[in-house]
Structure formats: C-alpha cells, structure tokens
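The block underneath contains the structure these notes are about, expressed in structure tokens.
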Amino acid sequence: MRSLNKHEQLAHDGDFIVCILGNLQTSEFELLDPAQLAVADTARTLTRRGFQYVGTVGMVNGAPRTALDEPLDDATISTLSSAYVRHVTARAGLGRSRCDA
C-alpha cells in the first residue's frame, strides 16, 4: 500500500479543504473547492490565465494547515490566509447578516 503525499494527507485528514491555483508571475490566485477543479470550463479558463496548482489548505483538528508545491512569500501567505477565511465563512454560511452594521 502506497503512502499518501502531503496534499492527499491533508485532504484526507482535514475539513474545509480548498485547492490553491495561481499564476506565480502575476501573483494572481484562486481558491477552489476540489469539486470545482473537475469542471472543464473552470479548468480551461484558469489554464488560459496561466494558472497552475499551487497547493492545498484546510483545517486539521481546528488548526489551519497547508501543503504547498513551492514556498510562497509572507505577503502572499497572508493574503491567501485572509482569502481562505472569507471562503470558509461564505461556504459555512457564516457571513454577515443585514443586521450586522
């Protein structure tokens, strides 16, 4: 039996798993649920924009974990972390209500 790579292990152990795709030359990134990667139109659009798989992010036992293909600078990690929190909040239906002002 083969062992899981770091991306597979995170996907297996974690919750709220998101794939990070990006264009490292332009510093553009997209966070996608794994199921979105299977949508051909999404994949073609991202490929045309020069995007490639960068890594996976998720929560394991309540703590954020990443599995990256290549190291990213601190500013990019900070930006992606904020985007991940927004993504999970929206996915969990925990966004601000109209009463929140």
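The values are calculated or read from the model by the stated rules, or taken from the named source; none is laboratory data. Just so we're clear, the structure is a prediction, and the values are computed from it rather than from any experiment. Note that we place each Cβ from the backbone using ideal geometry, even for glycine, and neighbour counts take in every protein chain shown.
Pairs only if they're at least six apart or on different chains, beta carbon under 6 angstrom, first in region 40-68 and within 16 Å of residue 83 (Cβ to Cβ) and assigned to a loop (DSSP other than H, G, I, E, B), second at pLDDT 90 or above and not small (Gly, Ala, Ser); list them, first residue then second.
Pairs that qualify, where the first residue is within 16 Å of residue 83 (Cβ to Cβ) and assigned to a loop (DSSP other than H, G, I, E, B) and the partner is at pLDDT 90 or above and not small (Gly, Ala, Ser), are 51/21; 51/23.
Among the listed residues 73, 33, which satisfies the condition of being in contact with a His (Cβ under 9 Å, 6 or more places away or on another chain), without any contact (Cβ under 8 Å) to a residue 60 or more places away in the chain and charged (D, E, K, R)?
After applying the criteria, what remains is 33.
Could you check how many residues of region 69-89 are farther than 18 Å from residue 32 by Cα and either assigned to a strand (DSSP E or B) or in contact with a Gly (Cβ under 7 Å, 6 or more places away or on another chain) (or both)?
Of the residues in region 69-89, 0 are farther than 18 Å from residue 32 by Cα and either assigned to a strand (DSSP E or B) or in contact with a Gly (Cβ under 7 Å, 6 or more places away or on another chain) (or both).
Which of the residues spanning region 72-101 are at pLDDT 90 or above and in contact with a helix residue (DSSP H, G or I) (Cβ under 9 Å, 6 or more places away or on another chain)?
Selection gives 72 alone.
Which of the numbered conditions does residue 44 fail, given that it passes all the others? Conditions: (1) among the basic types (Lys, Arg); (2) modelled with pLDDT under 90; (3) surrounded by 13 or more Cβ atoms within 10 Å (Cβ to Cβ).
Among (1) among the basic types (Lys, Arg); (2) modelled with pLDDT under 90; (3) surrounded by 13 or more Cβ atoms within 10 Å (Cβ to Cβ), residue 44 violates only (3).
Are any residues in region 10-30 on the phi > 0 side of the Ramachandran plot and in a loop (DSSP other than H, G, I, E, B), and if so, which ones?
Residue satisfying the conditions is 27 alone.
Do we have residue 14 as under 14 Å from the mean Cα position of the chain (by Cα), farther than 15 Å from residue 76 by Cβ and not hydrophobic (A, V, I, L, M, F, W, C) here?
Against the criterion (under 14 Å from the mean Cα position of the chain (by Cα), farther than 15 Å from residue 76 by Cβ and not hydrophobic (A, V, I, L, M, F, W, C)), residue 14 qualifies.
Can you run down the residue pairs with Cβ atoms below 7 Å, 6 or more apart or on separate chains, where the first is in region 1-29 and in contact (Cβ under 8 Å) with a residue 60 or more places away in the chain and the partner is assigned to a loop (DSSP other than H, G, I, E, B)?
Pairs found: 18/33.
Please determine, by comparing only the residues of region 20-41 that are surrounded by 15 or more Cβ atoms within 10 Å (Cβ to Cβ) and farther than 16 Å from residue 76 by Cβ, which one is farthest from the chain's Cα centre (by Cα).
Looking at residues that are surrounded by 15 or more Cβ atoms within 10 Å (Cβ to Cβ) and farther than 16 Å from residue 76 by Cβ, I get 36.
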